[in-house]
Amino acid sequence: MAGTTASIEQNLATLQGVWVESILRVVSQVAGFSVAVAPENESAASEPSDDQTDVWALFAVSKALRGEMALLSTGAGAVQLAQLLMAEAPDPAKPFEAGQRDAYEELLRQIAGQVATGLKGAAGGEVEIKLSSATPPTWKAASRTGIRITGEKLAPIQLFLLISSELAESFPAAQKPNSPPPDAPEQTPAPLQPAAAQNGNLALLLDVTLDATICFGRREMLLRDILELHPGAAVVLDRHVEEPVELLVGGRMVARGEVVIVDGNYGLRITEIMSTQQRLASLMNDYGRR
């Protein structure tokens, strides 16, 4: 059943927001430098010019949601994103070739995985998103919006997100808070909990053990190269010696710093850290999915 115009607009806004957050999370991790991702309205986003190579990526959405999405980039934007995954310096002047396409699509698969996770709550269940093809969509988009990626080592990257009407209408209908199901017994609203009680609920989780990992860097490697590793071989990471390393908790970055030696053990001196609210929200979301 098709949703109302208001509900569809809310669904489109949810999809756009999850894509922006997912792109930021994945691209920041592979870039190793500060990256910003922001939505742009269709009217504010400029179309790719005729002399630029259009790079399409179509996604099939299934399980709790159903429909299709598409992402459009210029060749210059796609090659920069591919270079980040390949631990190369971004150079928009390079041509977008087969090797770059493989890396670009792998990056999009990682982003799509984050999008699927981010949509789970709004969809009311598991969502699966698969990269299905690299051709323009044949369906008419219910929404077309721009996403802009910028960074200190990037030429601005413009992406266009297209969402099918089927997908926009496939979200479950929101239940009205004051409309109980038929034959449901009348219930007295529970009194609001004071702040002290809420803090008490948080205190119950403060002793939960989480894995903390220091990430020195990453490297994309072919299977043949991994099989050829031997004692004495050097694996070059994507991070320079003077660059800060990351502190990951539950797979999420919460701080950056420099490596130190403390009583004969490696340690991390924090130089940058997320706010308490950001750390708590990130870790609570991760813990809630377990």
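Within region 49-139, the chymotrypsin sites (Phe, Trp or Tyr not before Pro) that combine a DSSP coil assignment with at most 16 other C-beta atoms in a 10 angstrom radius are Trp139.
What you get for region 86-131, charging only the Cβ of Lys and Arg (+1) and of Asp and Glu (-1), is a dipole of about 180 debye around the Cα centre. Between Val259 and Gln10, full extension at 0.36 nm per residue minus the direct alpha carbon distance yields a gain of 85.2 nm. Highest mean packing comes first when the peptides 128-134, 252-258, 238-244, 77-83 are listed by Cβ atoms within 10 Å, giving 77-83, 252-258, 128-134, 238-244. Once label points are set 7 Å from the Cα along Cα→Cβ at both Leu237 and Glu106, what is their separation, rounded to one decimal in nm? Between Leu237 and Glu106, the label points sit 1.8 nm apart.
I need the shape label for region 232-273. Rule: rounded when a/c is under 1.5, else prolate if a/b > b/c, else oblate, with a, b, c from the alpha carbon gyration tensor. Note, shape of region 232-273 comes out oblate. Using a cut-off of 27 Å between Cα atoms, the listed pairs Lys94/Lys140; Lys120/Lys140; Lys63/Lys140 include Lys94/Lys140 as exceeding that distance. Of interest is the spacing of the C-alpha centroids, which for region 233-262 and region 80-122 amounts to 22 Å. Grab the other residues whose beta carbon is less than 15 angstrom from that of Pro244, score K and R as +1, D and E as -1, and report the net. Charge balance in the 15 Å sphere: -3.
Each reported figure results from applying straightforward, stated rules to the coordinates on display, with no laboratory input. Worth saying up front: this structure is predicted, and the values here are computed from it rather than measured. Virtual Cβ from ideal backbone geometry, glycine too; neighbours counted across all protein chains shown.
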